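**Q** Here you go, one structure.
Taken together, the values in this text are just the output of simple stated rules run on the coordinates, not laboratory data. These numbers come from a predicted model, not from an experiment. All Cβ positions, even for glycine, are placed from backbone atoms using ideal geometry, and neighbour counts span all protein chains on display.
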Amino acid sequence: MTLFRRALLRCLSLAGGPLLAMASLVLPPAARAIPEAEAIKKLAVIPIFVLANDQGVPLPIPRDKTLVLPLYLERSQANRELANFQKGNPQVKAQVLALPLNIASEKIEELNKQLKDGRTLVAPVVSREQDRKQAIAILKKQGLSDKQVEEGLTTPVFFTKPLLTINTPQGARGVFFFRYDDMEKALAGVQDSKKLEPQAADLTAVLREIIKAKDDVFIFFPTPEYFALVKEQQQQQGGSAAPSRPAAP
């Protein structure tokens, strides 16, 4: 990951120093109970995967005056795109690199401040198609129109009403999920789970609510990719046990 952090800074040299913007993490002004930076840190358990060359420099897709750098939530998504890229660009040595979403957000903010020309590099977070479909179904059930969903949903996040809580070393925390099936698994271990209604919102809205809350009592549930990366790292370092998943009450 250290290599990729350096690579993100190096991408300033692409196209004369482009802007890296992630719309889903740009928060509008709001009454803040906890710092925005603290809310963003909660995304450390959400890794993203991106295409880069053999030097670790990201490989954005040119689109008119915009460069698009997808941030995939699933390694398999990035691997498929890597295979497609290599077919069209056999002369370029490319790879898939991982980065925590909170670190990506920090680098994005740094690069935004260094914009020197009119070109932009947009980095959308790419969710699984099944999660997006689940979010759309939930939002339409709540009465949102197709236009409202299309304009407001970039990166779907799931939760329940009332909010499902999970036991952590710091106490009970309300939990948000990036994967619908992770939420289903958590609900399977909860008594009277039918009283908890599945909800969906865009990541921007969830972060806004975390910042506005009176107390810091929320977490994001780690994705399976997080546990896989931790296990890989521990195996490389000598093999300690992987961290256990937070337990539902």
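**Q** Which order do the peptides 123-130, 209-216 take when ranked by the mean count of other beta-carbon atoms within 10 Å per residue, highest first?
**A** Per-residue Cβ counts within 10 Å, averaged per peptide and sorted highest first, yield 123-130, 209-216.
**Q** Of VAL206, GLN236, ALA172, whose Cα points farthest to the positive end of the dipole of region 129-237 (charges on the beta-carbon: +1 Lys, Arg; -1 Asp, Glu; origin at the Cα centre)?
**A** Most positive-ward Cα: ALA172.
**Q** Explain nothing, just compute: Karplus ³J(HN,Hα) = 6.51 cos²θ - 1.76 cosθ + 1.60, θ = phi - 60°, for every residue of region 212-217 in order, whole Hz, x for Gly and Pro.
**A** 7, 4, 4, 10, 8, 10
**Q** Test of understanding: express the Cα radius of gyration of region 62-151 as a ratio to 2.2 N^0.38 Å, with N the residue count.
**A** 1.35
**Q** Amide H of VAL126 versus every other amide H placed in the peptide plane: which residues, excluding those fewer than 5 positions away on the same chain, fall under 5 Å?
**A** Answer set, sorted by chain and number: LEU71, TYR72, LEU73.
**Q** Of LYS42/LYS214; LYS195/LYS231; LYS140/LYS161, which sit over 24 Å apart, Cα to Cα?
**A** Exceeds cut-off: LYS195/LYS231.
**Q** Next up: Skipping prolines and chain starts, which residues have an amide H placed within reach, meaning under 5 Å, of the one on ILE61, given they are 5 or more residues away or on another chain?
**A** VAL68, LEU69
**Q** May I ask you to evaluate 6.51 cos²θ - 1.76 cosθ + 1.60, the Karplus curve with θ = phi - 60°, for each residue of region 49-56 and list the ³J(HN,Hα) values in order in whole Hz, giving x for glycine and proline?
**A** After applying 6.51 cos²θ - 1.76 cosθ + 1.60, I find 10, 9, 7, 8, 7, 5, 8, x Hz.
**Q** Can you list the residues, at least 5 places off or on another chain, whose amide H is less than 5 Å from the amide H of LEU164, using H built in the peptide plane?
**A** Placed amide hydrogens put VAL175 under 5 Å from LEU164.
**Q** For q = 0.13, 0.14, 0.21, 0.23 Å⁻¹, what log10 I(q)/I(0) does region 122-249 give under the Debye formula with an equal point scatterer on each alpha carbon and no solvent?
**A** -0.61, -0.70, -1.32, -1.44
**Q** Through the Karplus equation 6.51 cos²θ - 1.76 cosθ + 1.60, θ set to phi - 60°, convert the phi angles of region 193-203 into ³J(HN,Hα) values in whole Hz; use x for Gly and Pro.
**A** Calculated HN-Hα couplings, in order: 5, 5, 7, 9, 8, x, 10, 9, 7, 6, 4 Hz.
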